[in-house]
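To start, the structure under review is shown below, and the notes come after it.
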Amino acid sequence: MTLRKGEKMTISIQEHMAIDVCPGPIKPIKQISDYFPRFPRGLPAAVGRSGTLRSAVSQPSVSPAEAPREDDEDVDQLFGAYGTTPAEQPPKYQAPEEVVDPEGYESDDCTTLGTLDFSLLYDQENNALHCTINKAKLPKLDFKKGLKPMDHNGLADPYVKLHLLPGASKANKLRTKTLRNTLNPTWNETLTYYGITDEDMIRKTLRISVCDEDKFRHNEFIGETRIPLKKLKPNQTKNFNICLEKQLPIDKTEDKSLEERGRILISLKYSSQKQGLLVGIIRCAHLAAMDANGYSDPYVKTYLKPDEDKKSKHKTAVKKKTLNPEFNEEFCYEIKHGDLAKKTLEVTVWDYDIGKSNDFIGGVVLGINAKGERLKHWFDCLKNKDKKIERWHTLTNELPGAVLSD
């Protein structure tokens, strides 16, 4: 039968289709993974450690007839998750949601708690730590970030508080003035710790906190930072501009046997002109608080023993409500230089109380039977006539041979 050209073409197409499209039931399409190869068994850590992806790789595959779409989802997850960290990978790939910290702090984000600019200087010769608080940049109030509210106007009344750790005494704490209604405070204020020794610089840490003062409620904590003093070099100013962090707990399990009662700065000089020992009581620092208000009313007594006639007692004036008193008083003991080797200088610090016995705060003994810095101070005095020698000494709560009453 003769066919037209168009009809022959139609038959050719049908014949061609008959070759490709087999009669009978339709075979399922091959798995997607055959066209898009899976990742190898040794997946990158970021992918292999995801709980969802682990199940997609390690579990036996389900037949396409039972779940024809799972392989599509697996491929989407694998390609979508590649290079993603485990914390960012949700059970099914989706845009990560913002996570709000219930505590209200994100310590690794400077924009959350703000920054603080300050400098530290350890004056080794004078045993002083100078802390200069320059300025801070505090964040605007942002409830999405979980910030605790400050003032109703979105501003703050900030101040900076210093705290030497370890140590719980109020004498270890200093603070700047308060600046009103600002998120960019500039203090340019220097706070000084006296009586800081080389040992302190090795084992102590300076905690610097920024707070918001509130007249009607408790002051609000904004942020803090902690600087181990061993990072400082003697007589070199170190500048800092760092991010504030959330509040960290203070270790309250310190060894109570190491608890200090305070420091005292004493000067010794044997005067050839006066034929006597000049004892200067200059100041105390970090004294233990003995009164209910968190302070003490300190004064200092000195004895040169043995004192058979009981005439060697000297006493300073009382300084009211302070843990860092300055006395600047000097006493003279008339004694031959050669006799000093047989004597012991006993210095005690007391808290004055009205109507009851005064409280013993701490004391120190200098003499040939002393040890460490106390012995060295006494020896240097005997060796160097007419030269005033000042030294800081740590007060102890036990004083051998002392009468702990006043």
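The values are calculated or read from the model by the stated rules, or taken from the named source; none is laboratory data. Bear in mind the structure is a predicted one, so any value in this text is a computation, not a measurement. Positions of Cβ are backbone-derived with ideal geometry, glycine not excepted, and every protein chain shown enters the neighbour counts. Side chains included, ligands, DNA and RNA excluded: accessible areas come from the protein's heavy atoms. Shrake-Rupley method; radii C 1.70, N 1.55, O 1.52, S 1.80 Å.
I want to check the label-to-label distance for ASN293 and HIS130. Put each point 7 Å from Cα in the C-beta direction and report it in nm to one decimal.
Taking the two extended label points, one gets 3.2 nm.
Name all residues of segment 265-287 having a backbone nitrogen under 16 Å from the label point set 7 Å from the Cα of LYS383 along its Cα→Cβ direction, giving them as ranges.
Under cut-off, by backbone N: 268-270.
How many percent of the accessible area of segment 332-390 is carbon or sulfur, using a 1.4 Å probe?
Numbers: 1600 of 3260 Å².
About 49 percent, which is the carbon plus sulfur part of the accessible surface.
Which percent of the Cα-Cα distances in segment 110-243 go past 23 Å?
So the pairs more than 23 Å apart make up 34 percent of the total in segment 110-243.
Can you work out ³J(HN,Hα) from phi for every residue in segment 264-275, in order, using Karplus 6.51 cos²θ - 1.76 cosθ + 1.60 and θ = phi - 60°, giving whole Hz and x for Gly and Pro?
Going residue by residue, I get 9, 9, 10, 10, 10, 7, 8, 9, 5, 5, 8, 6 Hz, with x marking Gly and Pro.
Within segment 333-352, whose backbone N sits under 11 Å from a point 7 Å along Cα→Cβ of ASN369?
Label zone hits: 343-345.
Roughly what would the spin-label model give for LYS320 and THR182, points 7 Å off Cα along C-beta, in nm?
Spacing of the two 7 Å Cα→Cβ label points: 3.3 nm.
What's the percent breakdown of Cα-Cα distances in segment 324-397 across 5 Å bins, shortest bin first?
In order of increasing distance, the bins hold 3, 12, 21, 23, 18, 11, 6, 4, 1 percent.
Say a paramagnetic label sat at a point 7 Å from the Cα of GLU390, along Cα to Cβ; which residues of segment 312-334 have their backbone N under 11 Å from it?
328
State which entries of LYS238/LYS388; LYS274/LYS320; LYS313/LYS388; LYS170/LYS238; LYS231/LYS387 exceed 23 angstrom in Cα-Cα distance in the structure shown.
Beyond 23 Å between Cα atoms: LYS238/LYS388; LYS274/LYS320; LYS170/LYS238; LYS231/LYS387.
Apply the Karplus curve 6.51 cos²θ - 1.76 cosθ + 1.60, θ = phi - 60°, to the phi angles in segment 382-390 and return the couplings in whole Hz, x for Gly and Pro.
Each residue of segment 382-390 in turn: 5, 6, 10, 5, 6, 10, 7, 10, 9 Hz.
Please give me, ordered by residue number, the GluC sites (Glu not before Pro) of segment 336-403 that lie in loop per DSSP and have at most 16 other Cβ atoms within 10 Å.
GLU398
By the gyration tensor of its Cα atoms, with a ≥ b ≥ c the square roots of the eigenvalues, what is the shape of segment 262-395: rounded for a/c under 1.5, prolate for a/b over b/c, or oblate?
prolate
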